[in-house]
Amino acid sequence: MSSVIDWQPSGSYTDITYETAEGIAKITINRPERRNAFRPQTLFELQEAFNLARDDSNVGVIILTGAGEQAFCSGGDQKIRGDDGYMGDDEVAQRGIGRLNVLDLQVQIRRLPKPVIAMVAGYAIGGGHVLHVCCDLTIAADNARFGQTGPKVGSFDGGYGSWLLAQTVGLKKAREIWYLCRQYSAEEAERMGLVNAVVPLERLEEETVTWAREMLEKSPLALRMVKGAINAVSDGAAGMQQFAGDATMLYYMSEEAQEGRDAFKEKRAPAFDRFPRRP
Ligand code: S0N
């Protein structure tokens with residue numbers, strides 16, 4: 001895959017890379033020898049990178065991808081799966097306690113108020129498939145393969161991996177994907193509304209960057225509100241919390257709210273009478 005943009009790497013990570021260019025952050029799962037399966041350390045690093053991208057006001061769109069052409073992500077690293085979750089090198093694992101911290105990352109991607117694009121070459125399988133489902137958009141290479149494996153390897157995702165998938169492709173198709181654990185080509189995925197576009201592998205990054213650039217031309221606040229609105233319905237109270245927070249932020253930005261703050265600081269009565277009581 002040729003690069004169409006001058007990515008600038010930053011940070012020091014073992015399991016991922018973090019790069020930025022032209023208002024886009026690219027976060028890459030970098031464990032190609034395991035088809036980019038994630039372990040607890042991978043997820044801690046991904047969470048840090050997504051936080052960096054969220055806080056960087058130069059960044060408007062985030063791309064999540066996997067290193068190499070073989071896989072986007074093959075889910076949880078089955079080789080370090082313990083009896084209650086995934087084991088790492090940290091103190092918690094030393095005490096024999098496993099983690100399921102991919103769930104925190106899924107929530108983080110949903111809450112992040114900037115569009116996240118999954119750029120998929122090769123396999124998006126198991127927990128890796130759920131990650132692309134959680135992203136706002138998916139651009140797939142023609143070699144991409146999609147599917148869930150849980151019932152084959154003794155796991156399942158009863159959260160976004162089930163009901164957000166069902167919301168995306170419909171109930172019957174979601175059941176088929178989980179019950180049969182088949183793999184689907186990029187074209188099949190596009191037909192079921194699971195991906196936004198399919199392009200030749202060598203054009204994957206070019207196409208993804210084109211979509212990102214197009215979004216960067218749009219109003220960041222409008223994109224933030226639309227993402228929040230679309231997710232609010234399916235995220236229930238937590239989604240409303242996010243959307244309500246955004247409403248509060250917009251109110252804070254108004255002269256009307258600032259009058260209340262200024263009146264308090266200046267120890268005077270607020271003069272709200274100059275603001276209209278809107279129909
Ligand atoms: C991806 C597949 C289809 C690729 O096949 P291919 O190209 O033939 O390559 P392989 O030779 O099979 O693999 C190359 C090397 O990579 C290793 N590897 C591949 N995937 C994994 C993996 N997931 N974990 C560890 N290693 C992996 C291979 O072993 C091989 O290395 P060597 O030769 O050294 O052994 C194919 O590899 C495949 O089917 N992989 C397994 C896919 C899978 O079942 N993933 C796990 C599914 N489950 C989850 O993801 C858990 C979900 C989850 O995370 C979650 C959800 C909700 C709540 C909690 C959790 C949680 O568990 O955290």
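The values are calculated or read from the model by the stated rules, or taken from the named source; none is laboratory data. Keep in mind it's a predicted model, so treat the numbers as computed, not measured. Note: ideal-geometry Cβ built from the backbone for every residue, glycine included; neighbour counts use all protein chains shown.
The table for this structure:
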item: Selection count, region 69-96, where residues are of a type in the set (Gly, Ala, Ser) and in a loop (DSSP other than H, G, I, E, B); result: 6
item: Criterion: within 8 Å of the ligand (Cβ to nearest atom) and of a type in the set (Val, Ile, Thr) - qualifying residue of Val102, Val92; result: Val102
item: Selection within region 136-157 - crowded, with 23+ Cβ neighbours inside 10 Å and more than 6 Å from the ligand (Cβ to nearest atom); result: Thr138, Ile139, Ala140, Ala141, Ala144, Phe146, Gln148
item: Which numbered condition Asn58 fails, given (1) at pLDDT below 95; (2) loosely packed, with under 15 Cβ neighbours inside 10 Å; (3) away from the ligand (no atom under 16 Å from the Cβ); result: (1)
item: Sole exception among (1) more than 22 Å from the chain's Cα centre (by Cα); (2) closer than 30 Å to Thr20 by Cβ; (3) not in a helix (DSSP H, G or I) for Arg268, by number; result: (2)
item: Filter result for the condition that a residue is touching a residue at least 12 places away in the same chain (Cβ under 8 Å), of a type outside the set (Phe, Trp, Tyr) and within 7 Å of the ligand (Cβ to nearest atom), over Gly126, Gly122; result: Gly126
item: Failed item in (1) in contact with an Asp or Glu (Cβ under 8 Å, 6 or more places away or on another chain); (2) surrounded by fewer than 14 Cβ atoms within 10 Å (Cβ to Cβ), with Tyr251 passing the rest; result: (1)
item: Selected residue [of a type outside the set (Gly, Ala, Ser), out of contact with any helix residue (DSSP H, G or I) (no Cβ under 6 Å at 6 or more places or on another chain) and at positive phi] from Glu91, Glu22, Glu45, Glu33; result: Glu22
item: Residue within region 220-236 that is within 30 Å of Gln106 (Cα to Cα), of a type in the set (D, E, K, R), surrounded by 11 or more Cβ atoms within 10 Å (Cβ to Cβ) and at pLDDT 95 or above present; result: yes
item: Some residue of region 222-243 being in contact (Cβ under 8 Å) with a residue 12 or more places away in the chain, under 29 Å from Asn143 (Cα atoms) and charged (D, E, K, R); result: yes
item: Only one of Ala71, Ala49 that is without any contact (Cβ under 8 Å) to a residue 40 or more places away in the chain and within 20 Å of the chain's Cα centre (by Cα); result: Ala49
item: Candidates Leu105, Leu171, Leu100, Leu165, filtered to the one that is surrounded by fewer than 17 Cβ atoms within 10 Å (Cβ to Cβ) and within 26 Å of Ile80 (Cβ to Cβ); result: Leu100
item: Condition met for Tyr184 (crowded, with 19+ Cβ neighbours inside 10 Å and over 17 Å from the mean Cα position of the chain (by Cα)); result: yes
